[in-house]
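Undergrad: This is the structure, below, for whatever I ask next.
The values are calculated or read from the model by the stated rules, or taken from the named source; none is laboratory data. Remember, it's a predicted structure, so these values are computed and weren't measured experimentally. Note: ideal-geometry Cβ built from the backbone for every residue, glycine included; neighbour counts use all protein chains shown.
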Amino acid sequence: MRRERFEAWLRNIYETQDVEISCTECFDQVSHFVEIEASGRDVAGELPQVKQHLDQCRACREEYEILRDLRRLEDEEDMPSLDDLQGSIR
Ligand SMILES: [Zn+2]
């Protein structure tokens, strides 16, 4: 590998790590993300990396949408308790 290419490759890795987070990190923060968003704060300003990841990653986006919808149901106070849910499954 030529030296310039190697350096470009290295730079690319570091820049990527700087800006992007992995799905695991996103998953760890996504419930926090939903909480901030629900409280009306600037979630893109507080968790820009999570926001960016959600824009790019379909799997995490779906996870986020599920959590967000659950959160909305809780706000409406129509959320059945876990016991009720388990009872209706049986
Ligand atoms: Zn992801």
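Undergrad: Which numbered condition in (1) surrounded by 13 or more Cβ atoms within 10 Å (Cβ to Cβ); (2) at pLDDT below 85; (3) of a type outside the set (Ser, Thr, Tyr) is the only one that residue 63 fails?
TA: It is condition (2) that residue 63 fails.
Undergrad: Within the range 31-90, restricting attention to residues that are hydroxyl-bearing (Ser, Thr, Tyr) and assigned to a helix (DSSP H, G or I), which residue is nearest to the ligand (Cβ to nearest atom)?
TA: 64
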